[in-house]
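Undergrad: For reference, the structure I am asking about is given below.
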């Protein structure tokens, strides 16, 4: 099963037959490939196998509608700072009633998540608070709530569809440029575009583009070793268009990338 493509449900079903399987953990949208994993199909397989299911929705929340009943997940984690456009430093965790009934609790638990009932025992909180910490950055909580309300007012499905359409258009434009290799693979792709630009370390190129008013980021081999080695890439420039971006802005990005040479110098 190649990691650059969507997980094969039949392969996952076979893996979960192993009695040593204790958890199925899936990243819905990986950080540097644009791929969208078939998380609903995998959830049905995990449920049938009786294996707890964790979905990392970090890159999905804000661009893809989330329904945990359809995912059939025990846990769903996400951050505020990605497509939800909330503040950095906060995220959220969904915990299913099934996981609570099973008695799941975090490895590290504090006085908010449990009561110390005897010298050698504790009792976890009866609800999902057992996964919370005593210390809260309440300003970030308020920021997360406001970001969620804003996203709902725009419409997750509508905004996400627009972002993915822009990303598809950008891939097409960049794929026509000499010296640029589009790294995204999969039958269904998210609003994340990753490319390798010949002669450039993506970190240096991202800095150059930022100086020209274009915000991008760099993905490194250490972020996804197996995937990056399969693609024979050391770094990748990552572009994540949002629903508010315009086609004219895409053309500006393409023009700026066309203006750099394979030797890593800006063209005159």
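Undergrad: Give the range 115-141 a look and list any residue that's under 21 Å from residue 73 (Cβ atoms) and surrounded by 14 or more Cβ atoms within 10 Å (Cβ to Cβ), or say none.
TA: 124, 125, 128, 130, 131, 132, listed by residue number.
Undergrad: What number goes with the only condition from (1) surrounded by 13 or more Cβ atoms within 10 Å (Cβ to Cβ); (2) closer than 24 Å to residue 43 by Cβ; (3) without any contact (Cβ under 8 Å) to a residue 60 or more places away in the chain that residue 112 does not pass?
TA: (2)
Undergrad: When you scan the range 170-268 for helices (runs of 4 or more DSSP H) that lie fully inside it, which ones turn up with 1 or more residues that are outside the structural domain of residue 33 (by TED's automatic domain parsing), without any contact (Cβ under 8 Å) to a residue 24 or more places away in the chain and closer than 30 Å to residue 7 by Cα?
TA: Once the helices (runs of 4 or more DSSP H) in the range 170-268 are filtered for at least 1 residues that are outside the structural domain of residue 33 (by TED's automatic domain parsing), without any contact (Cβ under 8 Å) to a residue 24 or more places away in the chain and closer than 30 Å to residue 7 by Cα, what remains is 225-230.
Undergrad: Kindly indicate whether any position in the range 25-39 is touching a helix residue (DSSP H, G or I) at 6+ places or on another chain (Cβ under 7 Å) and more than 29 Å from residue 181 (Cα to Cα).
TA: No: zero hits.
The values are calculated or read from the model by the stated rules, or taken from the named source; none is laboratory data. Everything numeric in this text was worked out from a predicted model, so none of it was measured. Because the Cβ atoms are built from the backbone with ideal geometry, glycine has one as well, and the counts that use them run over all protein chains shown.
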